[in-house]
Amino acid sequence: MIVDPTMVVLLDEDGAPIGTAPKASVHATETPLHLGFSCHVLTDDGELLVTRRALSKRTFAGVWTNAFCGHPAPGEAAADAVRRHAHDELGIEVAEVQLVLPDFRYRATDSNGIVEYEVCPVFVARVAGEPVPNPDEVAEFATVAPRELAAALRATPWAFSPWLVEQAKLLPLYR
């Protein structure tokens, strides 16, 4: 199957696919509900990989977040999209990709008025080796103990992506 990463899957309020749209046109002040995913990546040392979104990103530019997020292309399995984005955004291969929050959904508005509105299954994966980030996606990265990240999320939630703040409340990994 040919995957077109420039397209996203549009969803109805029940989360059922209703069509597709160009990714470049989806995020606006009136963003339609669409399919995304989010991935939290553990290193061999048990630390979490966190990234700061590139300053050129359309939404939440420069904000610290989980390892990476993205959108499955139409017809692409979410776990395959996770592997594709891990490679494209961070230059890494991931293993032990596990779906941990299949029904996560969020809506968040950036300070520039652009809205993220996604059904966003959440994955946890493992990586060995050092990331080589794509500068169009990632400004910088770090690794941190899950409990330390959880404490930072509670103390300064405004410094992180809203989806990371909400996901961490639901994931046992952060307790």
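The values are calculated or read from the model by the stated rules, or taken from the named source; none is laboratory data. Predicted model, so just to flag it, every value in this text is computed and none were measured. Every residue, glycine as well, gets a Cβ built from its backbone with ideal geometry; the counts of neighbours run over all protein chains shown. Heavy atoms of the whole protein, side chains included, go into the accessibility calculation; ligands, DNA and RNA do not. Shrake-Rupley method; radii C 1.70, N 1.55, O 1.52, S 1.80 Å.
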Practice task
Being open to solvent by less than 30 Å² (accessible area, probe 1.4 Å) and touching a Ser or Thr at 6+ places or on another chain (Cβ under 6 Å) narrows it down to one of Thr31, Thr65, so name that one.
Solution key: Thr65
Practice task
Assess whether Val100 counts as being among the hydrophobic types (A, V, I, L, M, F, W, C), closer than 16 Å to Gly36 by Cα and open to solvent by 30 Å² or more (accessible area, probe 1.4 Å).
Solution key: yes
Completion exercise
Here the qualifying pairs (Cβ atoms under 8 Å; residues six or more apart or on different chains; first in region 23-47 and farther than 27 Å from Pro146 by Cβ and without any contact (Cβ under 8 Å) to a residue 40 or more places away in the chain; second assigned to a loop (DSSP other than H, G, I, E, B) and open to solvent by 10 Å² or more (accessible area, probe 1.4 Å)) come out as Ala24/Thr6; Val26/Pro32
Exercise for the section: Looking only at region 69-86, decide whether some residue is in contact with a Cys (Cβ under 8 Å, 6 or more places away or on another chain) and β-branched (Val, Ile, Thr). Expected result: yes
Handout entry: Verdict on Pro5 being crowded, with 22+ Cβ neighbours inside 10 Å and part of a loop (DSSP other than H, G, I, E, B)
Key = no
Handout entry: region 119-175 - residue that is of a type in the set (Gly, Ala, Ser) and in a helix (DSSP H, G or I) and, of those, most open to solvent (accessible area, probe 1.4 Å)
Key = Ala155
